[in-house]
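Written below as structure tokens is the structure these notes are about.
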Amino acid sequence: MSKNALTIKNYTSEELRSLLRKDEKFQQAVRLYACYQISLGKRPQELESIYETSFKSICNWVNRLNEGGVEALIDKVKPGRNNRLGTDELQSIKSVLLNKHPDDYGYNSATWTGPLLIEFIKKEYHVEYKKAHIYNILRKLGLTFQKGKGIYPEAEDRAEKVEALKKTPGVKGS
């Protein structure tokens, strides 16, 4: 009698791990189960490889459970870095983008671009941003970056000239 190995077909182990870590309820359940195993007498060192975490993390989970209950096993929202521009300043920038043109501020352009906006913010608010972050700020303001379609006045003249050339009789056999 042969033993068939049990395998997972549709997911890799990395995909399964990321699914576990993605949802806070799953994380809470995993941490709670680790605490349950500690309550059965398992040592944190035995659980390190099972939960792919450190001894210290498992001890922290147990302490969090003891101090704050099951809800404490969910990670708190991390605030991140403070904004360098305030809400009023951001709204002012939005107003400028929607109602003013760059040439009103001495720039040699008819449309706002990412690098031009970086320069404007640096000049007006003394704050420097990287190009990638400017687009995050635009999204935060409810705006999107759009590539402008160039208007070339000479293109109309060119079209008329091409049509005129097409109507000109050619000279045959010289």
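The values are calculated or read from the model by the stated rules, or taken from the named source; none is laboratory data. Only a predicted model underlies this, so the values are computations on that prediction, with no experimental measurement involved. We work out accessible area using only protein heavy atoms, side chains counted, and drop any ligands, DNA or RNA first. Shrake-Rupley method; radii C 1.70, N 1.55, O 1.52, S 1.80 Å.
Quick notes on this one:
- Calculated accessible area for the chain comes out at 83 Å² per residue, all protein chains present (probe 1.4 Å; ligands, DNA, RNA ignored).
- Rg/Rh (Cα only; Kirkwood hydrodynamic radius) as it applies to the chain: 1.34
- Protein accessible area in the chain, 1.4 Å probe - carbon and sulfur %: 53 percent
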